[in-house]
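First the structure, in the form of structure tokens, and then the observations on it.
The values are calculated or read from the model by the stated rules, or taken from the named source; none is laboratory data. Everything quoted here is computed from the prediction, not taken from an experiment. In this analysis, Cβ positions are derived from the backbone assuming ideal geometry, glycine residues included, and neighbour counts consider all displayed protein chains.
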Amino acid sequence: MIAEVIINSNVRNLNRVFDYNINEEMLPQITIGSRVLVPFGNTKKLEEGFVIGLKETSPFEVKEIAQVEKEQYLDEHKIQLAKWIAKRYFCNIADAIKLFLPPGKITKKIENRIKEKCIQCVFLKKDAEEIEEAIETKQIKSEKQIRILRFLLENEGVTTSDLSVYADASKAVIKTLEKNGFLEIQEKNIDRNPITDREIEKTSNLQFTKEQEEAYQEVAKNIEEESYTSFLLMGVTGSGKTEIYLQLIQKVLEKGKSALVLVPEISLTPQMIYRFASRFGKEKIAILHSKLSVGERYDEWRRIQRKEASIVIGARSAIFAPISNLGIIIIDEEHDSSYQSEMSPRYDAKEIAEYLAKENHIPCVLGSATPSINSFYQTKTGEKTLLVLNKRANHAPLPEVEIVDLRKELANGNRSMFSSRLQEEIAKTLKQKKQTILFLNRRGYSTFIMCRDCGYVAKCKNCNISLTYHAKTNKLKCHYCGFETDCIITCPECGSKKVRYFGTGTQKVEAEVHKLFPEATTIRMDVDTVSQKNSHEKILEAFQKEKIDILIGTQMVVKGHHFPDVTLVGVMAADSSLHMEDYRANERTFDLLVQVAGRAGREGNIPGKVIVQTYNTDSYSIVYAKDQDYLSFYEMEQTIRQSLKYPPFCDIIVLVVSSEKKELAQEVIQKLEKEIRPSLEQLENTYVYSPMPAPIDRIKNKYRFRMIIKCNFGDTIIDTLGNCLEKNKNAKAQIAVYRNPNNMI
């Protein structure tokens, strides 16, 4: 029997099948999906590979598989999906396969894997009478050994660390007792469960509103019939989408099936976990996201594999969890761009969710207050079924939104980042003992530093981008490559002392709040403050439980959170997302404003208030966000996109070539254009634009050129681009293909 093996490598030249013979001894162990070690090339070192096919014979003279891993993580279905991912997202099959493997570093030695966390426990090998006899006959003379044995008589099975603390036991003494046959050390597996220690109060189903009941019944019908439908659940903020998710999952569990819930931000996970655990119990839930340690992720992955958890909650990578008997997939805040991976494999979790839902004949529910334009368009074409919730579940009114023109503030002499109206409302909220959220989608203190004499701007030495000033560390940092350097007070170009800080970040907002409202307590939530494990959870918990007056944050504070005491939201600069080089700039601005406004007045006892500060009061995304009028925004946005041939009316493919040598990057992308243009321009509604330097033309010391293609993405486009990439492999130039990317930089 011959195995078709893919070598575990991201080298494009190795993205093909190699035939290997299976000896008779290994034949029963090897199936499609087996992980193996094989001799490869002229070296003695064995390479790791994956079996993706089996056949009777090979036309080649083949080597033999050297070793097979006993545990099977993959099956034929996962291998087929990996092939689909590799073709659709232009990556190696091995890279796609690794998405399905347990968390942890993939090594070339199969036996060197992350294992369950073990603790060493100490047990007696002799009974009490034998031990006392050994002490009386002076077989054991050491006071330390006697103390340890007598401690173990009352506390058998303690860990070695506890034995060291409570019985003053050194490793040498324990080793001696083990050698002499008085005790033994056993390893015990323990689960690194991230929610084991949480106190969670049990809750029961809430009464549905009429809208919720109708939406629930639509999806429940599919669960009963075991049929696939893709639903878009569009509900205003606070309309009770999560309660629908909970009761749908309950129905799925009653049928003996499992559920998968995807959330976009790690910061959403704590509240989501609490609500699900309080309804279903901690033991039924597994969590997967990048802020868990590798060991915790491994243990959660194993719990899912062993069918110990029937509800999986996680970020986009949880779509690859080894879930058995899947009954429903739910994608919360479906409009969020984080469902699309920007690292190879550049997969879209929503597309893979649809694939799995079709394969398993189950419903896929996408929920949002501000659905992506693409998803809402699909409800018009019949690809998705629209479910609508127009009212908040507790009948609380939507917050009043007021737009403040910052141009008028400047004309009136107010140069502060806080308008007079926002200052008034913060003071009023503090007096009422309620809470405020201040939103600015930019971390740091100042966005750039410039010399007023010669115009010099401090830039990253690795990227063609300005450095951001961080006041806490008094450093200049690059948010692309992580480079940081000391702050400058003298211009390195002209020697001038007129070096000034421009722009506003979350640190600067916090500093200004302390000046204007010294009595107010504040907490900040951005990438800089949530770098440590569980820090996002601690910040949100502190804000809610300690009644901190003002939460200042980036988009982490925008989506999904429920804070009953928040009655005021201030948007510091609504324009910051309007001027991005991206066709979705208006959509993102609308989403952010509606989502952040939804954090205010959710309990209804005091109406919510939202102050939106902007220099662009006439922007349609801001005007429609003020009224939370999604349908009017959609009509305007889709008209513009249709006329300019933007998604959803076409797909945008961006080819980016990067290299440490500028000339090589340019040469490779020009060669790609020369090969691609003749084939693609024959297709209807396909446009190939000439290659240009990328907007940020250097990141991490690599020069970047890009080429844009507008087309209807399908097999012809996939095959043409795939063949072209295959022909133009270059070890010193990387080629990346993005479909409808999150940003166009």
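For the reader, a short list of remarks on this structure follows.
- Counted as qualifying within segment 645-745 are no strands (runs of 3 or more DSSP E), as none has 2 or more residues that are free of Cβ contacts under 8 Å to residues at least 40 places away in the same chain, hydrophobic (A, V, I, L, M, F, W, C) and assigned by TED's automatic domain parsing to the domain that holds Arg16.
- Residues of segment 708-740 that are modelled with pLDDT of 90 or more and either of a type in the set (Gly, Ala, Ser) or under 17 Å from Asp582 (Cβ atoms) (or both): Ile708, Ile709, Lys710, Gly714, Gly722, Ala733, Ala736, Tyr738, Arg739, Asn740.
- Failed criterion for Gln532 (all others in (1) closer than 30 Å to Lys428 by Cβ; (2) out of contact with any Gly (no Cβ under 9 Å at 6 or more places or on another chain); (3) at pLDDT below 80 hold): (1)
- Filtered by the rule that a residue be touching a helix residue (DSSP H, G or I) at 6+ places or on another chain (Cβ under 7 Å) and either modelled with pLDDT under 80 or not aromatic (Phe, Trp, Tyr) (or both), segment 150-162 gives Leu153, Thr160.
- The listed residue being in contact with a strand residue (DSSP E or B) (Cβ under 7 Å, 6 or more places away or on another chain), surrounded by fewer than 19 Cβ atoms within 10 Å (Cβ to Cβ) and among the charged types (D, E, K, R), out of Lys671, Lys645: Lys645
Residues are listed down the side, and each one gets a yes or a no for (1) among the aliphatic types (A, V, I, L, M); (2) closer than 27 Å to Asn728 by Cβ; (3) in contact (Cβ under 8 Å) with a residue 60 or more places away in the chain; (4) surrounded by fewer than 21 Cβ atoms within 10 Å (Cβ to Cβ):
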residue: Phe18; (1), (2), (3), (4): no, yes, no, yes
residue: Asn21; (1), (2), (3), (4): no, no, no, yes
residue: Leu27; (1), (2), (3), (4): yes, no, no, yes
residue: Ser34; (1), (2), (3), (4): no, no, no, no
residue: Leu54; (1), (2), (3), (4): yes, no, no, yes
residue: Thr57; (1), (2), (3), (4): no, no, no, yes
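- Residue in segment 99-113 that is of a type outside the set (Gly, Ala, Ser), at pLDDT 90 or above and either farther than 19 Å from Pro345 by Cβ or not in a loop (DSSP other than H, G, I, E, B) (or both) present: yes
- Within segment 554-592, the residues that satisfy the criterion of being in a loop (DSSP other than H, G, I, E, B) and under 21 Å from the mean Cα position of the chain (by Cα) are Thr554, Val558, Lys559, Gly560, His561, His562, Arg584.
- Within segment 693-705, restricting attention to residues that are at pLDDT below 95 and hydrophobic (A, V, I, L, M, F, W, C), the residue that is farthest from Phe483 (Cα to Cα) is Ala694.
- Qualifying residue in segment 681-690 (condition: of a type in the set (A, V, I, L, M, F, W, C), in contact with a Phe, Trp or Tyr (Cβ under 9 Å, 6 or more places away or on another chain) and surrounded by 15 or more Cβ atoms within 10 Å (Cβ to Cβ)): no
- The residue that is surrounded by the fewest Cβ atoms within 10 Å (Cβ to Cβ), counting only those in segment 554-568 that are at pLDDT below 80 and more than 19 Å from Gly505 (Cα to Cα), is His562.
- Test for Cys364: is it closer than 30 Å to Ile489 by Cα and of a type outside the set (Gly, Ala, Ser): no
- Answer residue from segment 436-446, given it is outside any loop (DSSP other than H, G, I, E, B) and in contact with a Ser or Thr (Cβ under 8 Å, 6 or more places away or on another chain) and is modelled with the highest pLDDT among those: Thr436
- Looking only at residues in segment 368-402 that are over 29 Å from Ile606 (Cβ atoms) and of a type in the set (A, V, I, L, M), the one that is surrounded by the fewest Cβ atoms within 10 Å (Cβ to Cβ) is Leu386.
For (1) over 19 Å from His335 (Cβ atoms); (2) free of Cβ contacts under 8 Å to residues at least 24 places away in the same chain, each residue gets a yes or a no:
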{"position": "Arg602", "(1), (2)": "yes, no"}
{"position": "Asn605", "(1), (2)": "yes, yes"}
{"position": "Thr614", "(1), (2)": "yes, no"}
{"position": "Asp618", "(1), (2)": "yes, yes"}
{"position": "Gln638", "(1), (2)": "no, no"}
{"position": "Ser643", "(1), (2)": "yes, yes"}
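- On inspection, Lys221 fails the criterion of being assigned to a loop (DSSP other than H, G, I, E, B) and among the basic types (Lys, Arg).
- Filter result for Glu283 (surrounded by fewer than 20 Cβ atoms within 10 Å (Cβ to Cβ) and in the same structural domain as Lys350 (by TED's automatic domain parsing)): yes
- Single unsatisfied condition, Ser230 versus (1) surrounded by fewer than 20 Cβ atoms within 10 Å (Cβ to Cβ); (2) at pLDDT 95 or above: (1)
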